[in-house]
Amino acid sequence: MSGTGNSGAIAGDIALTVDGQVHRGWRAAKISMGLDAAAAEIAIELAERWSRADDGEQLRRAVRPGAAFSLALDDEVVVEGFLDALDVRYDHRSHTLAVSGRERTGDLVDSAATTDGPYEFARIGLEEAARRICAPFGIRVRAEGVPATPFPRFSLQPGETAFEAIARGARERAVIVTGDGRGTLLLTRAGKGGEAAGALRLGGDDGNIRSADGSFDFAKRHSLVVVRGQAEGSTAGAQGQARATDADVTRHRPRVVLAEAQGEGVAFQERATWEVRVAAGRSRRVRYTVPGWRGAGGALWRPNTRVMVEDAYLGLSRELLIANVVYSLTPDEGTITEVECVPVDAYALLAERPRRRGGDARDTPFETRIEESRDEGRTWRPVRDAPA
């Protein structure tokens with residue numbers, strides 16, 4: 001391991017701080033974060049011989065489950081949260097310590113949204129609903145380009161977790177919900193992280209892709225998507241619906257989606273179109289392994305950033321979205337990063353409808369509520385005799 005990261009730290013250094021004590025010397029590590037996870041996860045391990053202090057007392061790592069921690073890569077803190085588990089293996093000569101944990105937002109996944117109420121909020125937007133749910137946990141909420149349209153009623157279901165409640169509202173607003181690694185819950189849009197730490201290139205003098213594996217899965221794509229729900233402003237029981245088709249799916253594979261809240265016919269149409277686009281986008285993923293934890297510019301690889309991919313084998317020369325990142329340290333390979341890329345359509349969002357001055361959107365015409373697709377081509381196909 002060579003080179004430096006932030007603050008002059010040796011590249012490849014992992015520092016776990018627990019109860020004010022910094023622990024280094026980890027021999028293996030995996031730190032995972034991404035748009036598909038509510039909380040970043042860490043799993044780190046060390047193995048060392050027993051040592052003795054000057055006073056003859058044996059030293060041991062003061063690490064305990066449930067403790068708050070921060071984990072830094074090259075002196076740059078990437079995860080703050082709580083330790084979930086501690087596993088030890090030891091004999092009279094050596095010991096192995098394995099520690100796992102998640103960022104603070106992991107508590108939202110494990111814990112009830114409420115125990116004693118309130119169970120319903122009236123005329124409240126997604127951001128404010130998330131803030132109220134997260135407040136007892138001491139977790140901050142940050143919204144990036146999230147629609148402000150309020151829900152007529154935002155109800156908490158009996159027994160659902162805090163994250164399930166927020167995610168349910170986020171699905172209705174087509175918003176991404178994830179942790180930022182540092183314990184803040186993000187309500188965000190695809191690509192809000194800006195440009196990636198560098199480009200991904202296969203082969204050539206400046207190629208940085210060590211290996212790659214792709215997944216092309218049509219299991220969750222449907223020939224027809226029908227969205228149904230109660231029409232906004234209608235009498236009880238009156239139903240609205242909309243339909244959208246996926247031209248790539250030629251078999252009879254229909255799917256019916258029940259809208260979580262009331263809507264208009266045109267809003268249901270947006271939802272149906274969105275369901276088709278997202279399923280198509282998520283049916284194609286490719287994971288690249290690159291050396292180190294940082295790109296050419298020196299920044300860490302991060303989820304929700306846009307990256308230029310040059311991959312002759314798949315015939316790709318286009319901008320993709322980094323959905324998930326895994327930083328690893330192994331005795332054999334040193335430091336590497338797995339960067340999972342998808343079309344932007346995998347996290348396509350519904351844009352907020354413009355509202356009239358009086359706050360009523362129902363009579364206001366508008367044109368495009370779904371962002372233009374940036375997807376190029378419906379499938380990625382390996383190119384024969386592609387350069388290595």
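The values are calculated or read from the model by the stated rules, or taken from the named source; none is laboratory data. These numbers were taken from a predicted model, which means no experiment stands behind them. All Cβ positions, even for glycine, are placed from backbone atoms using ideal geometry, and neighbour counts span all protein chains on display.
Some points to look at:
- Some residue of the range 217-230 being out of contact with any helix residue (DSSP H, G or I) (no Cβ under 6 Å at 6 or more places or on another chain), buried (at least 19 other Cβ atoms within 10 Å of the Cβ) and among the hydrophobic types (A, V, I, L, M, F, W, C): no
- Any hit, the range 280-288, residues being buried (at least 20 other Cβ atoms within 10 Å of the Cβ), over 18 Å from the mean Cα position of the chain (by Cα) and assigned to a loop (DSSP other than H, G, I, E, B): no
For (1) at pLDDT 95 or above; (2) hydroxyl-bearing (Ser, Thr, Tyr), each residue gets a yes or a no:
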site: 175; (1), (2): no, no
site: 179; (1), (2): yes, no
site: 189; (1), (2): no, no
site: 192; (1), (2): no, no
site: 210; (1), (2): yes, no
site: 214; (1), (2): no, no
site: 220; (1), (2): no, no
site: 223; (1), (2): yes, yes
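- Residue under evaluation residue 191, criteria (1) under 21 Å from residue 111 (Cβ atoms); (2) in contact (Cβ under 8 Å) with a residue 40 or more places away in the chain; (3) within 23 Å of the chain's Cα centre (by Cα); (4) surrounded by 15 or more Cβ atoms within 10 Å (Cβ to Cβ), criterion not met: (1)
- Here the condition is being within 25 Å of residue 219 (Cβ to Cβ) and of a type in the set (Gly, Ala, Ser); of 292, 281, it holds for 281 alone.
- In the range 88-111, the residues that are of a type in the set (D, E, K, R), part of a strand (DSSP E or B) and either in contact with a helix residue (DSSP H, G or I) (Cβ under 9 Å, 6 or more places away or on another chain) or more than 21 Å from residue 182 (Cα to Cα) (or both): 89, 102
- For the range 229-249, the set of residues classified as out of contact with any Lys or Arg (no Cβ under 9 Å at 6 or more places or on another chain) and modelled with pLDDT under 90 consists of 230, 231, 234, 235, 236, 237, 238, listed by residue number.
One line per residue, one yes/no per condition, for (1) crowded, with 20+ Cβ neighbours inside 10 Å; (2) hydrophobic (A, V, I, L, M, F, W, C); (3) in contact with a strand residue (DSSP E or B) (Cβ under 8 Å, 6 or more places away or on another chain):
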residue	(1), (2), (3)
294	yes, no, yes
298	no, no, no
318	no, no, yes
333	no, no, no
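- Among the residues making up the range 73-85, those that are touching an Asp or Glu at 6+ places or on another chain (Cβ under 8 Å) and surrounded by fewer than 23 Cβ atoms within 10 Å (Cβ to Cβ) are 75, 80, 82.
- Tallying residues that are under 13 Å from the mean Cα position of the chain (by Cα), within 15 Å of residue 110 (Cβ to Cβ) and surrounded by 22 or more Cβ atoms within 10 Å (Cβ to Cβ) within the range 164-182 yields 1.
- Condition met for residue 201 (at pLDDT 95 or above, among the basic types (Lys, Arg) and within 23 Å of residue 346 (Cα to Cα)): yes
- For the range 112-162, residues that are surrounded by fewer than 19 Cβ atoms within 10 Å (Cβ to Cβ), assigned to a strand (DSSP E or B), of a type outside the set (Gly, Ala, Ser) and in contact with a Ser or Thr (Cβ under 9 Å, 6 or more places away or on another chain) total 4.
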